[in-house]
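The values are calculated or read from the model by the stated rules, or taken from the named source; none is laboratory data. Everything quoted here is computed from the prediction, not taken from an experiment. With ideal geometry, Cβ positions are generated from the backbone for all residues, glycine too; neighbour counts draw on all protein chains shown.
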Amino acid sequence: MNITGFSRIESIGSYVPEQKISSEELMDEIQSETRFNVPNTWLEDLTGIRSRRFAGPETNPSDLAIEAGRAALEKCDMDPKDIAMVIYCGIDRYWVELAPSHRVQR
């Protein structure tokens, strides 16, 4: 059997929400010192992560993926109609089935 053909990644895009929350703010929000006797610097000390991006409750993972897809399209010289496949990788409980890639594809 002789199969010829190829695939390639033409472009990659990313998107992160604008809102940032520091590890200290996160620990303050859960009242780590008063409820658990854990200093609010513990999370940053443990992980080294100072802040993370935060999407509001009205934002779905696919919304972020759509913005990342738009960013990828801006970087390449390609008509969106010529895209044969959208790969979405995520862990969420937004959809039981199908993966959110069908929203990104539109």
The lone exception for L73 - which of (1) assigned to a helix (DSSP H, G or I); (2) among the aliphatic types (A, V, I, L, M); (3) closer than 16 Å to E18 by Cα it fails: (3)
Counting only helices (runs of 4 or more DSSP H) wholly inside the range 7-64, the ones holding at least 3 residues that are surrounded by fewer than 12 Cβ atoms within 10 Å (Cβ to Cβ) are 32-36, 42-47
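Please verify whether S32 is of a type outside the set (A, V, I, L, M, F, W, C) and within 23 Å of the chain's Cα centre (by Cα), treating the condition exactly as stated. Lay out the reasoning, then the answer.
Details: of a type outside the set (A, V, I, L, M, F, W, C): yes; within 23 Å of the chain's Cα centre (by Cα): no.
No, not satisfied.
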May I ask you to list pairs of residues, at least six apart or on different chains, whose Cβ atoms are under 8 Å apart, with the first in the range 25-46 being among the hydroxyl-bearing types (S, T, Y) and the second being surrounded by 14 or more Cβ atoms within 10 Å (Cβ to Cβ) and in a loop (DSSP other than H, G, I, E, B)? S32/V38; S32/N40
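Look through S32, S22, S51, S62 and report the one residue that is hydroxyl-bearing (S, T, Y) and modelled with pLDDT under 90. Walk me through it before giving the result.
Details: S32 fails: modelled with pLDDT under 90; S22 fails: modelled with pLDDT under 90; S51 fails: modelled with pLDDT under 90.
Answer to the selection: S62.
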